[in-house]
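The values are calculated or read from the model by the stated rules, or taken from the named source; none is laboratory data. Keep in mind the model is a prediction, meaning the values are calculated, not measured. No Cβ is skipped: glycine too gets one built from the backbone with ideal geometry, and neighbour counts run over all protein chains shown. The area values use the complete protein model at the heavy-atom level, side chains included, leaving out ligands, DNA and RNA. Shrake-Rupley method; radii C 1.70, N 1.55, O 1.52, S 1.80 Å.
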Amino acid sequence: MDSSISDKLENELKKHLGNALPAHAATDIHAALELADTLKSKGFGFHLKDLCPGSPDQTRWQAIFSKNNDEFTADHPDASVAVCSAAIGALTTPETPASLS
(Lines give C-alpha, C1' and ligand atoms only; values in the text may rest on other atoms or scores of the structure.)
Protein backbone atom coordinates (compact mmCIF):
# COMPACT_ATOMS: atom_id res chain seq x y z
CA MET A 1 0.00 0.00 0.00
CA ASP A 2 1.12 3.55 -0.69
CA SER A 3 2.53 4.97 2.55
CA SER A 4 1.15 8.41 1.74
CA ILE A 5 -2.39 7.02 1.92
CA SER A 6 -1.79 5.50 5.34
CA ASP A 7 -0.05 8.66 6.54
CA LYS A 8 -2.98 10.84 5.40
CA LEU A 9 -5.53 8.55 7.04
CA GLU A 10 -3.63 8.38 10.31
CA ASN A 11 -3.01 12.15 10.38
CA GLU A 12 -6.72 12.82 9.87
CA LEU A 13 -7.71 10.30 12.53
CA LYS A 14 -5.19 11.76 14.97
CA LYS A 15 -6.96 15.15 14.65
CA HIS A 16 -10.11 13.53 16.01
CA LEU A 17 -8.78 10.89 18.39
CA GLY A 18 -5.39 12.14 19.55
CA ASN A 19 -3.64 9.54 21.68
CA ALA A 20 -6.66 7.22 21.48
CA LEU A 21 -5.63 6.33 17.91
CA PRO A 22 -3.86 2.95 17.85
CA ALA A 23 -0.44 3.04 16.20
CA HIS A 24 -0.38 1.92 12.55
CA ALA A 25 -4.18 1.74 12.29
CA ALA A 26 -4.10 2.27 8.52
CA THR A 27 -1.61 -0.54 7.88
CA ASP A 28 -2.32 -3.13 10.57
CA ILE A 29 -5.73 -4.80 10.72
CA HIS A 30 -5.35 -5.51 14.44
CA ALA A 31 -4.80 -1.80 15.13
CA ALA A 32 -7.69 -0.92 12.80
CA LEU A 33 -9.97 -3.23 14.80
CA GLU A 34 -8.79 -1.50 17.99
CA LEU A 35 -9.85 1.76 16.32
CA ALA A 36 -13.25 0.21 15.63
CA ASP A 37 -13.49 -0.77 19.30
CA THR A 38 -12.73 2.84 20.28
CA LEU A 39 -15.60 4.08 18.13
CA LYS A 40 -17.87 1.30 19.40
CA SER A 41 -17.20 2.47 22.96
CA LYS A 42 -18.52 5.88 21.84
CA GLY A 43 -21.81 4.43 20.60
CA PHE A 44 -21.04 3.46 17.01
CA GLY A 45 -22.01 0.13 15.54
CA PHE A 46 -19.38 -1.57 13.38
CA HIS A 47 -19.35 -4.21 10.65
CA LEU A 48 -16.54 -5.40 8.37
CA LYS A 49 -17.60 -7.36 5.30
CA ASP A 50 -15.55 -9.34 2.77
CA LEU A 51 -16.85 -8.22 -0.62
CA CYS A 52 -14.97 -10.99 -2.48
CA PRO A 53 -15.62 -14.07 -0.36
CA GLY A 54 -13.96 -17.18 -1.67
CA SER A 55 -11.95 -15.35 -4.33
CA PRO A 56 -8.36 -16.60 -4.45
CA ASP A 57 -7.04 -13.53 -6.28
CA GLN A 58 -9.24 -10.56 -5.33
CA THR A 59 -9.75 -8.74 -2.06
CA ARG A 60 -12.13 -5.94 -1.25
CA TRP A 61 -13.41 -5.05 2.20
CA GLN A 62 -16.31 -2.87 3.27
CA ALA A 63 -16.27 -1.21 6.67
CA ILE A 64 -19.44 0.30 8.08
CA PHE A 65 -19.85 2.44 11.18
CA SER A 66 -23.38 3.36 12.17
CA LYS A 67 -24.98 5.66 14.69
CA ASN A 68 -28.44 7.23 14.98
CA ASN A 69 -29.64 5.72 11.67
CA ASP A 70 -26.59 7.11 9.83
CA GLU A 71 -24.09 4.83 8.10
CA PHE A 72 -20.51 5.68 7.25
CA THR A 73 -19.15 3.24 4.69
CA ALA A 74 -15.87 2.76 2.88
CA ASP A 75 -14.46 -0.07 0.84
CA HIS A 76 -10.91 -0.84 -0.22
CA PRO A 77 -8.74 -3.88 -1.04
CA ASP A 78 -6.95 -3.37 2.30
CA ALA A 79 -9.27 -3.93 5.28
CA SER A 80 -7.39 -1.51 7.53
CA VAL A 81 -7.75 1.29 4.97
CA ALA A 82 -11.47 0.58 4.69
CA VAL A 83 -11.87 0.74 8.48
CA CYS A 84 -9.89 3.98 8.78
CA SER A 85 -11.69 5.64 5.87
CA ALA A 86 -15.11 4.77 7.28
CA ALA A 87 -14.00 5.97 10.73
CA ILE A 88 -13.02 9.34 9.29
CA GLY A 89 -16.47 9.63 7.74
CA ALA A 90 -18.07 8.83 11.07
CA LEU A 91 -15.88 11.25 13.00
CA THR A 92 -16.32 14.17 10.64
CA THR A 93 -20.11 14.34 10.60
CA PRO A 94 -21.66 17.40 12.23
CA GLU A 95 -23.47 15.31 14.86
CA THR A 96 -20.24 13.68 16.06
CA PRO A 97 -18.18 15.49 18.71
CA ALA A 98 -14.93 16.88 17.28
CA SER A 99 -12.82 14.93 19.75
CA LEU A 100 -13.41 11.55 21.32
CA SER A 101 -10.23 11.54 23.39
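Given their separation in residues at 0.36 nm each and the Cα-Cα distance between them, Asn19 and Lys49 gain 8.1 nm when the chain is fully extended.
Hey, what's the per residue convex hull volume over the C-alpha atoms of region 37-83, in cubic angstrom?
Working: hull volume 3.0 nm³, N = 47.
Expressed per residue, the convex hull around the Cα atoms of region 37-83 is 65 Å³.
Here the label points at Asp57 and Lys42, each 7 Å from Cα along the C-beta direction, are separated by 4.1 nm in the simple model.
Helix 3-17 and the longest principal axis of the C-alpha atoms of the chain enclose an angle of approximately 30°.
Rounded to two decimals, the Cα-based Rg/Rh of the chain, with Kirkwood Rh, is 0.96. Ligands, DNA and RNA aside, Ile29 has an accessible area near 60 Å² when probed at 1.4 Å. With all protein chains kept in place, the per residue accessible area of region 5-92 amounts to 53 square angstrom at a probe of 1.4 angstrom. 3J(HN,Hα) along region 46-59, derived from phi through the Karplus expression 6.51 cos²θ - 1.76 cosθ + 1.60 where θ = phi - 60°, amounts to 9, 8, 10, 10, 7, 7, 10, x, x, 7, x, 10, 10, 10 Hz, with x in place of Gly and Pro. In a reduced charge model with +1 at each Lys and Arg Cβ and -1 at each Asp and Glu Cβ, the chain shows a dipole moment near 300 debye about its Cα centre.
Rounded to the nearest 500 deg cm²/dmol, what is the calculated helix-only ellipticity per residue at 222 nm for the chain, with -39500 (n - 2.57) per DSSP H run of length n ≥ 4? Don't skip to the end; give the middle numbers.
On the way: 3 runs with 40 residues, N = 101.
Roughly -12500 deg cm²/dmol at 222 nm, from the helical runs in the chain.
Roll a 1.4 angstrom probe over the protein heavy atoms and tell me the percent of accessible area of the chain that is carbon or sulfur. Here carbon and sulfur together make up 48 percent of the probe-accessible area.
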